[in-house]
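The values are calculated or read from the model by the stated rules, or taken from the named source; none is laboratory data. In this text, all values refer to a predicted model and were calculated from it rather than measured experimentally. Quick reminder, even Gly has a Cβ in these numbers, built from the backbone with ideal geometry, and neighbours come from all protein chains shown.
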Amino acid sequence: MKNFLIVVSLWLFFSGGAGAALQFNYVTAVATPGEGRLITMEDYWLVALSDTYEIRLPEEVDEGQKLNIKVFHDGKWQQELFIVRAISIHNDLCRLHAQHPSKDGRFPSNAIYVQPCHSK
């Protein structure tokens, strides 16, 4: 239930349902601190369910890059592949998208959230 509320809150926040939506700009490359949060999405048609994981990633990321990230899951670090389809940024918050978001941003997909972050 907690994850559901987090996803609904994020979805409302980024879609404009809870006040003014953040204006994300798309960039082709970013510099990261080497850590972030992976949010995985499941079945978002009627109900969005998610899981959040602490991750380690490269300090420089490009759109289209295949990342080997380390994900902390079940008390241990695991390697996973994450392909960056799009990168959005607002101030020092970056989202690395596994699927390019629709223009209205209302269809969430797996994404890595990184802060602080800046475009290269």
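When segment 12-27 is limited to residues that are part of a loop (DSSP other than H, G, I, E, B) and over 17 Å from Ile112 (Cβ atoms), the one that is modelled with the highest pLDDT turns out to be Gln23.
As for segment 2-11, it holds no residue that is aromatic (Phe, Trp, Tyr), modelled with pLDDT of 55 or more and under 13 Å from the mean Cα position of the chain (by Cα).
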